[in-house]
Amino acid sequence: MAEDSLIPNCYWARHKDASGEFSSIIANDNVQGQTRVTVRKSEYLEVKGCLPWKKTG
């Protein structure tokens, strides 16, 4: 994240297991600003460089 950036870059990834391995990634993206990710039961969410997330629904 650039020090002068007001909105941080955020990386998220949905994983099929908790291994953290590249092969476990179902979907991922780098975003800036608000985004929405649907995580299903038995999936894991990884986030880096993000503002706090809020669970809905």
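Structure notes:
- Taking a point 7 Å from the Cα of Ser19 along the Cα-to-Cβ direction, the residues of segment 28-52 with backbone N closer than 18 Å to it are 28, 42-46.
- Residues of segment 7-57: accessible area per residue with a 1.4 Å probe, Å²: 82
- Relative counts (whole %) of C-alpha pair distances in the chain, using bins that are 5 Å wide: 4, 18, 27, 22, 16, 8, 4, 0
- Estimated distance in nm for a label pair at Ala27 and Lys41, the labels positioned 7 Å out from Cα along Cα-to-Cβ: 1.9
- The chain - percent of accessible surface contributed by carbon and sulfur, probe 1.4 Å: 50
The values are calculated or read from the model by the stated rules, or taken from the named source; none is laboratory data. Since the structure is predicted, the reported quantities are computational estimates derived from the model, not experimental observations. Cβ sites come from the backbone with ideal geometry, for glycine too, and all protein chains shown count toward neighbours. Accessible surface is based on the protein model in full, side chains and every heavy atom, while ligands, DNA and RNA are left aside. Shrake-Rupley method; radii C 1.70, N 1.55, O 1.52, S 1.80 Å.
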